[in-house]
Amino acid sequence: MTIEHRRGVVVLALIAAFMVFVDGTIVNLTLAQLASHLHASRSELEWAVNAYTLSFAAVMLGVGAITDALGAKWAFVAGLLVFTAFSAVCAFATSMLVLRRNPRGRFSPLGREA
């Protein structure tokens, strides 16, 4: 592996980690708007935040096996694509049900695996 290839891998891993960080931050910063636009209760808002963290932690345990089966490159690409798609679904959510189920957290660990 050349030094340029290694740098590219590090840059991609940092971009993926930044995406996950920004995604979690956006949810926390927009809680007031979520409450007013989606008529969410306090417990629903808590679940919108906690569902992401809980599903992220649960899937993180099995990411090593998925990476071994698919290969690191394909697991990384698949995780980023699915995470991005589900983030778009959550961005256009019209109810708290979509945010509570929060599939983004399930695919975030794949996007962080490099």
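Odds and ends about this structure:
- Orientation-averaged projected area, Cα convex hull of segment 24-87 (nm²): 4.9
- The order of the peptides 50-62, 72-84, 26-38, 2-14 by mean Cβ neighbours within 10 Å, most packed first, is 72-84, 50-62, 26-38, 2-14.
- Measuring nothing but protein heavy atoms, the accessible surface of segment 1-64 at 1.4 Å probe radius is 71 percent carbon and sulfur.
- Of every Cα-Cα pair in segment 3-44, the percent that sits beyond 17 Å: 52
- Here the Karplus relation 6.51 cos²θ - 1.76 cosθ + 1.60, evaluated at θ = phi - 60°, turns the backbone of segment 75-87 into coupling constants of 5, 4, 5, 4, x, 5, 5, 5, 4, 5, 4, 5, 5 Hz, with x for every Gly and Pro.
The values are calculated or read from the model by the stated rules, or taken from the named source; none is laboratory data. Computed from a prediction, not measured in an experiment: that's the story for all the values here. Backbone-built Cβ (ideal geometry, glycine too); neighbour counts: all protein chains shown. Accessible surface areas use protein heavy atoms only, side chains included; no ligands, DNA or RNA. Shrake-Rupley method; radii C 1.70, N 1.55, O 1.52, S 1.80 Å.
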